[in-house]
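The values are calculated or read from the model by the stated rules, or taken from the named source; none is laboratory data. For clarity, every value in this text was computed on a predicted model and none was experimentally measured. In this analysis, Cβ positions are derived from the backbone assuming ideal geometry, glycine residues included, and neighbour counts consider all displayed protein chains. Note: accessible area is taken over every heavy atom of the protein model, side chains too, but ligands, DNA and RNA are not part of it. Shrake-Rupley method; radii C 1.70, N 1.55, O 1.52, S 1.80 Å.
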Amino acid sequence: MELDAEDTLKHCRQCFSLPDGIVYLDGNSLGALPCAVPARIARSVEEEWGQGLIRSWNTAGWIDLPREVAGKIAWLIGAAPDCVAVTDSTSVNLFKVLAAALSLRPGRASFLSERDNFPTDLYIAEGLNRLLGGDRRLALAGSPEEIADRIDADTAVLMLTHVNYRTGRMHDLAALTRRAHEAGALVVWDLAHSAGAVELQIEAAGVDFAVGCGYKYLNGGPGAPAFLYAARRHLKHAAQPLSGWFSHREPFAFTPGYAPAEDIARFQTGTPPVLALAALDGALDAWAGVTISEARRKSVALTGMFIEVVEALCDGHGLELVTPRQADLRGSQVSFAVRQDGFAIMQALIERGVIGDYRAPDIIRFGFAPLYNRFLDAVLAAETLAAVLSEGIWRHPRFRRRARVT
Ligand SMILES: *Cc1c(COP(=O)(O)O)cnc(C)c1O
């Protein structure tokens, strides 16, 4: 396609090992395998672990790996490298920063989020509240427009996901951060569907804390370590409750008393997962030489084109676009609500080689990863969707069997 020929990022696709004949539009859920990763993991296993044994903590730089990987993520989110930790999972990191934020606003009793946030974020907030005695209030805005007005003098923390996992709608991070700060609240942003997909300047926006995912647009592999950001002004004061030895000022002094590190290490917990970090480290090299603004430009073009082609080809099949048409309100995915049987429709698409996913109750979702998706993928996916809908093949019972992961 002409658009692919003109794509300034077209060379990046070669950095990924994608199966032939598959249109992969689920990189927002599990990023594709970067070609550099298998050899990187093999080296860490065979040489560093196998031969170097415990010496590799120093000789192979294992101990510095979290910091190195943090440096490769920081620029993608507009943060200083020494304010980013790569550790644990997004859920666990959220627990830590949410607790830290609450500890900085002791006089305030509520945290504010939105009903349509990714469930783990709400579950973590509920769990933290229970642990703290249950006397905080988790306020949930019913729509994105409602959020700003719900921030009040009792709000300790505004906790939001920047790009909605279901609709792909993107919040105005800077404006909501400003609004929260004006009311004396802190902000925690979940960047799971943003990092590696949209432009972010979280430090310039004054964000207090952020978390995000290593296995979505960062391509670190299933269950990759997640990242966490804490503003420099909070590094010495914020208390995080998972005070394991790697958050200690001197982990290898083995003293019985706890004294938190005064840098970003304070947000680590235990021993870094070296093999998983090695995979993420290798994966992030696919971003070498890429600017996030050109990735974003391509992402907007891909999603915009996909919307156009689907609407042209699938007219009359009851698809309803739930992703904003307006590019600056949209992350890097396109979602449609379907009248019925979204799960079966997606299964039929997958059988025909187009991998997206389904989110209950009625959403079919297509993620576009600017490093490896082509404009051709958008066209092929739209054509296949049109064929599946008009032939009605999704009605076959084999598309109704549900596995544990949807
Ligand atoms: C994917 C995602 C997560 C995942 O959290 P894990 O702890 O890695 O399972 C969290 N929050 C949001 C908004 C997500 O999209």
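Just a few scattered comments:
- Hey, LEU132 more than 16 Å from the ligand (Cβ to nearest atom) and in contact with a Phe, Trp or Tyr (Cβ under 8 Å, 6 or more places away or on another chain) or not: no
- Hey, VAL69 open to solvent by less than 10 Å² (accessible area, probe 1.4 Å), more than 18 Å from HIS162 (Cα to Cα), among the aliphatic types (A, V, I, L, M) and under 15 Å from the mean Cα position of the chain (by Cα) or not: no
- Options ALA204, ALA238, ALA224; residue that is within 16 Å of the ligand (Cβ to nearest atom), out of contact with any strand residue (DSSP E or B) (no Cβ under 6 Å at 6 or more places or on another chain), among the aliphatic types (A, V, I, L, M) and not in a helix (DSSP H, G or I): ALA224
- Selection status of ALA153, under 20 Å from VAL198 (Cβ atoms), open to solvent by 10 Å² or more (accessible area, probe 1.4 Å) and either away from the ligand (no atom under 12 Å from the Cβ) or modelled with pLDDT of 95 or more (or both): no
- Residue count for the stretch 119-150, restricted to those that are under 22 Å from the mean Cα position of the chain (by Cα), more than 11 Å from PHE95 (Cα to Cα), buried (at least 18 other Cβ atoms within 10 Å of the Cβ) and not small (Gly, Ala, Ser): 2
- The listed residues are GLY196, GLY214, and the only one of them that is touching a Leu at 6+ places or on another chain (Cβ under 7 Å), under 22 Å from THR167 (Cβ atoms) and in a loop (DSSP other than H, G, I, E, B) turns out to be GLY196.
- Verdict on ASP64 being assigned to a helix (DSSP H, G or I), farther than 30 Å from ASP149 by Cα, in contact (Cβ under 8 Å) with a residue 24 or more places away in the chain and more than 16 Å from the ligand (Cβ to nearest atom): no
- Filter result for ALA276 (within 30 Å of GLN333 (Cα to Cα), of a type outside the set (D, E, K, R) and open to solvent by less than 30 Å² (accessible area, probe 1.4 Å)): no
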